[in-house]
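Engineer: Can you keep this structure in mind? I'll have questions shortly.
The values are calculated or read from the model by the stated rules, or taken from the named source; none is laboratory data. Remember, predicted model here, so these are calculated numbers, not experimental data. Virtual Cβ from ideal backbone geometry, glycine too; neighbours counted across all protein chains shown.
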Ligand SMILES: C[S@@+](CC[C@H](N)C(=O)[O-])C[C@H]1O[C@@H](n2cnc3c(N)ncnc32)[C@H](O)[C@@H]1O
């Protein structure tokens, strides 16, 4: 997937950004819901596979203390520029989510986003990501994920089912699952069957 995303950013192929624009109201409502369940200051948010920083910047504007991680330097350059333009301070880190503890991003994150990363990983990478996320999140943290339905062929992300997600995140419970309608998707993603998953880490974890 690394090469796929490097090439995608190199040629400006980012259909997921169009999908995010179409789903902006729903994403905003999900962020509202997250905040309604907490007292400000909301604390630390971690955007895994943050890409060009659209959601990281959105969360920082809402008052979250945000860290964004991505493999592709070109995406992170755009993310830093976006944060500068928005006047927000975000820790953007170049690295792999299967080794978060090596990236010295700290711990105690209570909101984690993964909009389109996990579903492209192989089984070993998924298990490693789950372990790393457990190492850096606080008990009671929320994970908000977008994953395509399983069944895509390479070079596309292969997709992930709810069972795949839950297997990689032991100690987390799925508290909501919502389909994204095909009408909200640009042409290359029309048949991907993406869904939002919201998981909660046990509050007595650790
Ligand atoms: C579908 S894009 C979504 C980007 C962003 N979340 C958004 O919604 O605009 C997936 C992102 O995950 C990044 N990524 C994929 N595998 C990764 C890994 N193992 N570690 C860190 N980032 C990764 C890619 O570089 C890409 O930016």
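Engineer: Among the listed residues 128, 167, 138, identify the single one that is at pLDDT 95 or above and in contact with a helix residue (DSSP H, G or I) (Cβ under 6 Å, 6 or more places away or on another chain).
Structural biologist: That would be 128, the only listed residue that is at pLDDT 95 or above and in contact with a helix residue (DSSP H, G or I) (Cβ under 6 Å, 6 or more places away or on another chain).
Residue-by-condition table, conditions (1) modelled with pLDDT of 95 or more; (2) within 10 Å of the ligand (Cβ to nearest atom):
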{"residue": "6", "(1), (2)": "no, yes"}
{"residue": "17", "(1), (2)": "no, yes"}
{"residue": "25", "(1), (2)": "no, no"}
{"residue": "46", "(1), (2)": "yes, no"}
{"residue": "49", "(1), (2)": "yes, yes"}
{"residue": "53", "(1), (2)": "yes, yes"}
{"residue": "56", "(1), (2)": "yes, yes"}
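Engineer: Of the numbered conditions (1) touching a helix residue (DSSP H, G or I) at 6+ places or on another chain (Cβ under 8 Å); (2) more than 13 Å from the ligand (Cβ to nearest atom), residue 41 satisfies every one except a single condition; which is it?
Structural biologist: For residue 41, the failing item is (1).
Engineer: Also, quick follow-up: Exactly one condition in (1) in contact with a helix residue (DSSP H, G or I) (Cβ under 7 Å, 6 or more places away or on another chain); (2) more than 19 Å from residue 18 (Cα to Cα) is not met by residue 184; state its number.
Structural biologist: Only one criterion is unmet by residue 184, namely (2).
The rows are residues; the columns are (1) surrounded by fewer than 13 Cβ atoms within 10 Å (Cβ to Cβ); (2) free of Cβ contacts under 8 Å to residues at least 40 places away in the same chain; (3) in a strand (DSSP E or B).
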site: 101; (1), (2), (3): yes, yes, no
site: 107; (1), (2), (3): yes, yes, no
site: 112; (1), (2), (3): no, no, yes
site: 126; (1), (2), (3): no, no, no
site: 150; (1), (2), (3): no, yes, no
site: 154; (1), (2), (3): yes, yes, no
site: 157; (1), (2), (3): no, no, no
site: 198; (1), (2), (3): no, no, yes
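Engineer: Within region 171-181, can you find the residues that are touching a helix residue (DSSP H, G or I) at 6+ places or on another chain (Cβ under 7 Å) and assigned to a loop (DSSP other than H, G, I, E, B)?
Structural biologist: Across region 171-181, the qualifying residue is only 171.
Engineer: Filter region 49-69 for residues that are out of contact with any strand residue (DSSP E or B) (no Cβ under 7 Å at 6 or more places or on another chain) and outside any loop (DSSP other than H, G, I, E, B); which is surrounded by the most Cβ atoms within 10 Å (Cβ to Cβ)?
Structural biologist: For region 49-69, the residue satisfying everything is 57.
Engineer: Suppose we keep only residues that are surrounded by 16 or more Cβ atoms within 10 Å (Cβ to Cβ) and touching a strand residue (DSSP E or B) at 6+ places or on another chain (Cβ under 8 Å) within region 175-196. Which one would you say is nearest to residue 109 (Cα to Cα)?
Structural biologist: Per the criteria, the residue is 196.
Engineer: I'm told residue 117 meets every condition in (1) farther than 18 Å from residue 185 by Cα; (2) in contact (Cβ under 8 Å) with a residue 40 or more places away in the chain except one. Can you identify the failing condition by its number?
Structural biologist: (1)
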